[in-house]
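Beneath this line is the structure, given in structure tokens, with notes to follow.
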Amino acid sequence: MAGDMKVLNALDSAKTQWYHFTAIIIAGMGFFTDAYDLFCISLVTKLLGRIYYHVDGSSRPGSLPPNVSAAINGVAFCGTIAGQLFFGWIGDKIGRKKVYGVTLMIMSICSIASGLSFGKEPKTVMATLCFFRFWLGFGIGGDYPLSATIMSEYANKKTRGAFIAAVFAMQGFGILGGGIFAIIISAVFQACFKAPAYQVDPLGSTVPQADYVWRIILMAGSLPALVTYYWRMKMPETARYTALVAKDVKQATADMEKVMQVDIETEQKELAVSSVAVKSGNEFGLFTKQFLTRHGLHLLGTASTWFLLDIAYYSQNLFQKDIFSAIGWIPAAKTMNAIEEVYKIGRAQTLIALCSIVPGYWFTVFLIDRIGRFTIQVIGFTMMTVFMFALAIPYHHWTLPGNHIGFVVFYSLTFFFANFGPNATTFVVPAEIFPARLRSTCHGISAACGKLGAMVGAFGFLYLAQPQDKTKADAGYPAGIGVKNSLIVLGIVNLLGLFFTFLVPESKGKSLEEMSRENEDSAQPENHNRTVPV
């Protein structure tokens, strides 16, 4: 019986040690890379449009056609969904460690390959870029279930939430790092290769060397992944997988003794070994009535809340360009040259990351084991709903001169409460509440539902938010329902996320075996000590 396994008890009660922080850094650098690679494309899409889709005689710089823009962003999401499902499943089948380094190598290789996208014709360059970004997304997707599961299985129960959230919080630094690196590269190129604004000289505003800028920015995403590859390979398999899935408690004990630098007494080892000999009644699979009865509502809760959260989270990017332009962070495109525009976009992303994204993540890290996952998620969805309606209902007021600052404040607060809220907790909880043999799979399913929501948010609302008057819609887009109505829909989406949160159990202060009920004796009745959704 898992409850008798002293090696797992030792993990649950272990004091915070250096190996905990090592695991956070090793797993977290993967998420730094994930965020950098996913979000850095938004820094260079305007530049790609200027380089490859310039129209002679146009009053505005070239821009990516809607279908090309959607493809470049969408293929990464598609790859991420495939990676989350595949590596989630394979992580439970053959072990977390065996495939942990694979995801990092895929990310590194495809980051470099994205920057080397070949050809001179726009179609060729975009096609190769899309191909490599799909496989980049595949590697990124694999990192979600593996990193979350590994961190949850290494951590003690007292600070487990903070450790998993700290891994995910590295996304904030990845977004911040992308903005800062874009600023540095564009500043260097701007100093070395002077160019006039587009309205002065449309052709001369995009110097030939600008083609190197976007390639360098994309390729830099491989560096943090390469740096941590060696250390990922040195990590032992998690004790919970080795003991509960591979049924080798002796090896699990030896691994944890080495990692924790303690001696788990021989008497306890023998007790642990004997406990595995007892056939557990908890050997059901994913597609069974037992799983549906015991964890079906939990999986619905984790998948639906992540899906709804990402609809709102990724759709907010639609309003960034309008907000940045309104408050003067990004001037009109025709008043800048190509490299200067990259600099201004990088500066804007850096400011947003510093002011709302990074602080929100770390509020979660510091408070998640104090007030609990459920409370943080409820607060997050509630405040996101409030601020979304506060933006939507008086939308005309926010568009008037002098009122843009208020819009930016509310907009930033929705980002803050997304990160100090469901954006972090939807990542943490699926790694805690499912059995060890299905933990990575269920996390991958939940994360894949999240990325489906991201696609709805990023692309569905791109069309939905177009003006109701087709003559005012962006080139290539049909009429939509307008920004105000889109914000109202997003407010309703956040409200639904709040309701589905009540399907997710609170895991604060409980062991993984207690949450998954793997510590139950097979002789106990099915409904004994059931984990009830909060």
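The values are calculated or read from the model by the stated rules, or taken from the named source; none is laboratory data. In this text, all values refer to a predicted model and were calculated from it rather than measured experimentally. Don't worry about glycine lacking a Cβ; one is built from the backbone with ideal geometry, like all the others, and counts go over all protein chains shown. Please note that ligands, DNA and RNA were not included when accessible areas were found on the heavy atoms of the full protein model with its side chains. Shrake-Rupley method; radii C 1.70, N 1.55, O 1.52, S 1.80 Å.
For the range 6-101, the list of trypsin sites (Lys or Arg not before Pro) that fall in a loop by DSSP and count at most 12 other C-beta atoms within 10 angstrom reads K15. Scanning the chain for GluC sites (Glu not before Pro) lying in DSSP loops with no more than 14 further Cβ atoms inside 10 Å, the longest uninterrupted stretch between such sites is 1-264. With contacts taken as Cα pairs under 8 Å and at least 6 residues apart, the chain reaches a relative contact order of 24 percent. A cut-off of 5 Å between modelled amide H atoms, ignoring neighbours fewer than 5 places along the same chain, links G119 with no other residue.
How fast does the range 185-261 diffuse by Stokes-Einstein, in µm²/s, taking the Kirkwood radius from C-alpha pairs at 25 °C and 0.890 mPa s? It comes out at roughly 144 µm²/s. Surface composition of the chain: carbon plus sulfur atoms contribute 67% of the solvent-accessible area (1.4 Å probe, protein chains only, all chains present). For K484, the lysines whose Cα falls under 18 Å of its own Cα, not counting residues fewer than eight places away in the same chain, are K321, K470, K472.
Accessible surface calculations at 1.4 Å, restricted to protein heavy atoms, place the chain at 39 Å² per residue. Phi angles of the range 354-369 translate, via the Karplus equation with coefficients 6.51, -1.76, 1.60 and θ = phi - 60°, into HN-Hα couplings of 5, 7, 9, 6, 4, x, x, 4, 7, 4, 4, 4, 6, 10, 4, 8 Hz per residue; Gly and Pro are given as x. The amide H of I330, built 1.01 Å from its N in the peptide plane, has S325 as neighbours under 5 Å, considering only residues 5 or more places off or on other chains.
Sorted on the mean count of surrounding Cβ atoms within 10 Å across their residues, most packed first, peptides 21-33, 185-197, 412-424 read 412-424, 21-33, 185-197. The 3J(HN,Hα) values that the Karplus relation (6.51, -1.76, 1.60; θ = phi - 60°) gives for the range 333-339 are, in residue order, 4, 5, 8, 10, 8, 4, 6 Hz. Gly and Pro appear as x. For V504, the residues whose amide H sits under 5 Å from its own are V534, ignoring neighbours fewer than 5 places away on the same chain, with H placed 1.01 Å from N.
Once the gyration tensor of the Cα atoms in the chain is diagonalised, the equivalent ellipsoid follows with semi-axes of 44, 26, 19 Å, ordered largest first. Enter the Cα centre distance for the pair the range 454-500 and the range 138-209, rounded to the nearest angstrom. Between the Cα centres of the range 454-500 and the range 138-209 lies a distance of 26 Å.
Nearest 10 degrees, 0 to 90: what angle lies between the long axis of helix 18-39 and the longest principal axis of the chain (Cα atoms)? Between helix and principal axis, roughly 30 degrees. Derived scalar couplings between HN and Hα for the range 448-461 equal 5, 4, x, 5, 4, x, 4, 5, 4, x, 6, 9, x, 7 Hz in order, rounded to whole Hz, by the Karplus curve 6.51 cos²θ - 1.76 cosθ + 1.60 (θ = phi - 60°), x for Gly and Pro.
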